[in-house]
Amino acid sequence: MGIISWIVLGLLAGAIAKFLLPGRDPGGLVGTTLIGIAGSFIGGWLSAKFLHRPIAHNFFDLATWVAAVAGALVLLIVYRLLFGNSRN
């Protein structure tokens, strides 16, 4: 998958992570989107590096999607813990 595919996957992973973990985020929509993109990169890298799961070349690989959503969820939780609910 190319960089554009990872960005699109990150956007979708961020939306899925936001759906699974509802609530107000300190960064809003833009922050959640960036967290989703970063989470997809980190989740894909971690699954390839430590789980010896090669990164698929097609866009619709279930393991790649799970890794991307898991990475986005972890980053979203860490982001909420660090910055709290600063929006009222």
What are the residues in segment 37-50 that are open to solvent by less than 40 Å² (accessible area, probe 1.4 Å) and not hydrophobic (A, V, I, L, M, F, W, C), if any? Gly39, Ser40, Gly43, Gly44, Ser47
For segment 14-36, enumerate the residues that are in a helix (DSSP H, G or I) and either open to solvent by 80 Å² or more (accessible area, probe 1.4 Å) or within 15 Å of Val78 (Cβ to Cβ) (or both). Gly14, Ala17, Lys18, Phe19, Leu20, Leu29, Val30, Gly31, Thr32, Leu34, Ile35, Gly36
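The values are calculated or read from the model by the stated rules, or taken from the named source; none is laboratory data. Computed from a prediction, not measured in an experiment: that's the story for all the values here. Because the Cβ atoms are built from the backbone with ideal geometry, glycine has one as well, and the counts that use them run over all protein chains shown. Note: accessible area is taken over every heavy atom of the protein model, side chains too, but ligands, DNA and RNA are not part of it. Shrake-Rupley method; radii C 1.70, N 1.55, O 1.52, S 1.80 Å.
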